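First up is the structure itself, then whatever we jot down about it.
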Amino acid sequence: MATPSLPIASRLAANAARLPSDRLRPLEVAFWLAWVAAFFLFPSYRLLGSQILITGLFAVSLDLILGYAGIVSLGHAAFFGVGAYTAGLLAVHGWHEPISGLFAAAIVAAIVGYLVSFLVVRGGDLTRLMVTLGIGLMLWEAANKAAFITGGVDGLSGVTIAPIFGLWTFDLAGRTAFVYALVVVFVVFMVMRRLVHSPFGLSLRGIQQGGRRMPAIGAPVARRLRAIFTVAAAVAGTAGALLAQTTQFVGIDSLGFQRSADLLIMLVLGGTGRLYGGLVGAIVFMLAQDYLSGIDPVYWQFWIGFLLVVVVLFAHGGILGGLQALRTRFLRR
Amino acid sequence: MIANVIGVLFDGVAYGSLLFIIAVGLAVTLGLMNFVNLAHGVFAMVGGYVCVVLMTRAGVPFLATLPVAFVAAAIVGLVLERTLYQHLYRASPLDQVLFTIGVVYMSIAGATYVFGSSQQPVFLPSYLRGQVHVLGVDLGVYRLFLVAVVALLTYALHLLLERTRFGSQVRASVDNPVAAAGLGINVNRVFALTFALGSGLAGLGGGLGIDVLGLDPTFPLKYMVYFLLVVAVGGSGTIKGPLVAAVILGVFDVSGKYFVPQIGGFVIYALMVLLLIVFPAGLYGRRT
């Protein structure tokens, strides 16, 4: 392969054939260690911390379909809500074990996601927007009207979760919740990270960049998109179940349009197509929300709208994209 | 029973025609210019608040506030189009979605700040209130008025698009902006004027609709789906598609909420998903 007469071409070929390295970089290790440090340093923020982790996981699941496969969804909260209600209902009706509850929620959300994916894959961008929006609203309305099962607008209360492995009970200060959320989010994140660095993940990027050409190199576009949509739904369902278990409550807003929209905002704020963007976006968004909406909720909504407009007009790539641009500029100098 | 059904059908038609007049501008921006504008309801809200403020603070009669609502919303639309929207015509749908969600959030916060979060009252003149008895059916006078106004507007719009020089410029610019510009049509100006016209009609619809749709700061978000639906289901290219879609949606929504209140709003979303599956390009699909 490496003929001496064509050194550049062969080097290019060798590069092209190699998969992206998926070894953990130092910055990533530091990121996860920072969470461990946060547990000890800010004990009064553990509840907020676990919420941020869960929302971050949810945002990363949207990144799988938006950042990698290029599907714009306005109804991703549907799967989050399905997961949350699955875990919540299991616990209310006598199945208190948390980890099996997580798996059940992921499976149910994956099934719903798989069914929805058939509708999503066939349309253009506008149809996708409308279908995801419609499914989200439909599920909200269903949960609202089926109040005898879901508790309707009052939410599902009476969710009791047994101690994890029979050892750690969920306490009010959020100790167990934080550790539980951190471990689950870390494990699921690493699986997703492996997934997007695999040939499968690369084929998704190919589809995003040129969906018409992918069939020519033998990639089954519709099947790939359905697969990633199903995975994303399962992860979103896991995040929903985590929220239900750690807060021991499921509100109907877990299915709402506002949640889908806020999720998009977080992801774009953090940066799409880089997995960590979802986590960083969730941290920034939720800390800002915690601080600003404490002052005045209306005030908060105005500034988040303003921020969105500014990000779209001037700051493509979000926070991580901006940092990367700074870094390349700095290194070049 | 029959009278009841006819009454509900009629309410549905009135509701649908209101949806049509608000959404017809969106049919142009979304359907023809491919701009995903989730903030279209903002223009309707502007019109609604203009009507309310003129009526309650300045004592202007209801009918006289409607033209002002049209003009105010058209100006807001024109300014937004010239300053912000025109930069996004070629942006990705994701950017357009995010940008317009941002506009919706800001307008909700702004309206709450200025007018408070409560529902706004509307004072209809006495000759528009009450019921008339037609062939054994009680029909709301205001609903009749709505249908008549929308029918007139639709006819005027049809004439404007099909019979005037401006109309043919719009159709040419939409079909092929490059060729139209080559023929000496100022495409940017045509788009801006079209956008302003659509926003103005939305404002007019917002004013007309206070009595039917209500008016509070969450208006743009609450009815966003309906407006999008009219366009997505109706397809674009003619004004007939959105009109038919709006009336179908109106009738189904009103009769769904009236006859099967247990599932209420579910009907409309199920119908939407069904229609999008059967007609991916809308009822009167436009060639792509």
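Across B:TYR105, B:TYR113, B:TYR223, mean-square fluctuation computed from a Gaussian network of chain B (C-alpha pairs under 10 Å connected) peaks at B:TYR113. Placing +1 on the Cβ of every Lys and Arg and -1 on the Cβ of every Asp and Glu, with no other charges, gives chain B a dipole of roughly 480 debye about its Cα centre.
Just want the answer: with Cβ charges of +1 for Lys and Arg and -1 for Asp and Glu, which residue in A:ILE319, B:GLY41, A:VAL184 is farthest toward the dipole's positive end in the protein assembly as shown? Selected residue: A:ILE319. Model label points for A:VAL36 and A:PHE118, set 7 angstrom from Cα along the Cα-to-Cβ axis, are 4.6 nm apart.
The calculated 222 nm mean residue ellipticity attributable to helices in chain A amounts to -24000 deg cm²/dmol, summing -39500 (n - 2.57) over DSSP H runs of n ≥ 4 and dividing by all residues.
The mean number of Cβ atoms from other chains found within 10 Å of a Cβ in peptide A:304-311 is 6, as a whole number. Let me know the shape class of region A:123-228, please: from the alpha-carbon gyration tensor, a ≥ b ≥ c as square roots of the eigenvalues, rounded when a/c is under 1.5, otherwise prolate if a/b is greater than b/c, or oblate. Taking the square roots of the gyration eigenvalues as a ≥ b ≥ c, region A:123-228 is oblate.
Just from its helices, what would the mean residue ellipticity at 222 nm be for chain B, if runs of 4 or more DSSP H residues each count -39500 (n - 2.57) and the sum is divided by every residue, rounded to the nearest 500 deg cm²/dmol?
On the way: 13 runs with 203 residues, N = 288.
Helices in chain B give a 222 nm mean residue ellipticity of -23500 deg cm²/dmol.
Note on A:LYS145: lysines with a C-alpha under 21 Å away, same-chain residues under 8 apart excluded, are B:LYS222, B:LYS257. When region A:24-256 is described by a simple charge dipole with +1 on each Lys and Arg Cβ and -1 on each Asp and Glu Cβ, the residue from A:GLY134, A:ILE54, A:GLY174 located farthest towards its positive end is A:GLY134. Model label points for B:THR83 and B:ASP175, set 7 angstrom from Cα along the Cα-to-Cβ axis, are 3.6 nm apart. In region A:24-256, taking the dipole from charged Cβ atoms about the Cα centre, the farthest positive-side position among A:PRO215, A:LEU195, A:ALA143 is held by A:PRO215.
Please compute the average number of Cβ atoms from other chains found within 10 Å of each residue's Cβ in peptide B:267-276. Write out the running numbers ahead of the final one.
Details: counts 1, 4, 10, 4, 1, 7, 9, 1, 2, 9.
What the average comes to for B:267-276 is 5.
Rounded, prolate or oblate: which one fits region A:170-314, using the alpha carbon gyration tensor with axes a ≥ b ≥ c (rounded when a/c is under 1.5, else prolate when a/b beats b/c, else oblate)? Mind showing how you got there, number by number?
Working: a/c = 2.32, a/b = 1.41, b/c = 1.65.
The shape class here is oblate.
Using only the Cα atoms of chain A, build the gyration tensor, take square roots of its eigenvalues as a ≥ b ≥ c, and label the shape rounded, prolate or oblate: rounded if a/c is under 1.5, else prolate if a/b is larger than b/c, else oblate. Cα axes put chain A in the prolate bin. Net charge dipole, the protein assembly as shown: roughly 2180 debye, given to the nearest 20, about the Cα centre with Cβ charges of +1 for Lys and Arg and -1 for Asp and Glu. Taking the average, over residues, of other Cβ atoms within 10 Å as the packing measure, peptides A:181-188, A:126-133 rank A:126-133, A:181-188 from highest down.
Here chain A is treated with +1 on each Lys and Arg Cβ and -1 on each Asp and Glu Cβ, and its dipole about the Cα centre works out to around 1680 debye. Just A:LEU292, A:LEU320, A:LEU204 to compare: in a GNM of chain A, with alpha carbon springs under 10 Å, which one fluctuates most? Evaluated over chain A, the most mobile residue of the options is A:LEU292. Label-to-label distance for B:LYS240 and B:ALA3 is 3.6 nm, based on points extended 7 Å past Cα in the beta-carbon direction. In a fully extended conformation the segment linking A:HIS197 and A:ALA325 would gain 43.9 nm over its present Cα-Cα distance, using 0.36 nm per residue.
What percentage of all Cα-Cα pairs in the protein assembly as shown are separated by more than 40 Å?
Numbers: 62704 of 192510 pairs.
So the portion of pairs separated by more than 40 Å is 33 percent.
Only the coordinates and a few stated rules stand behind these numbers; no lab work does. Computed from a predicted structure; not experimentally measured. Note that we place each Cβ from the backbone using ideal geometry, even for glycine, and neighbour counts take in every protein chain shown.
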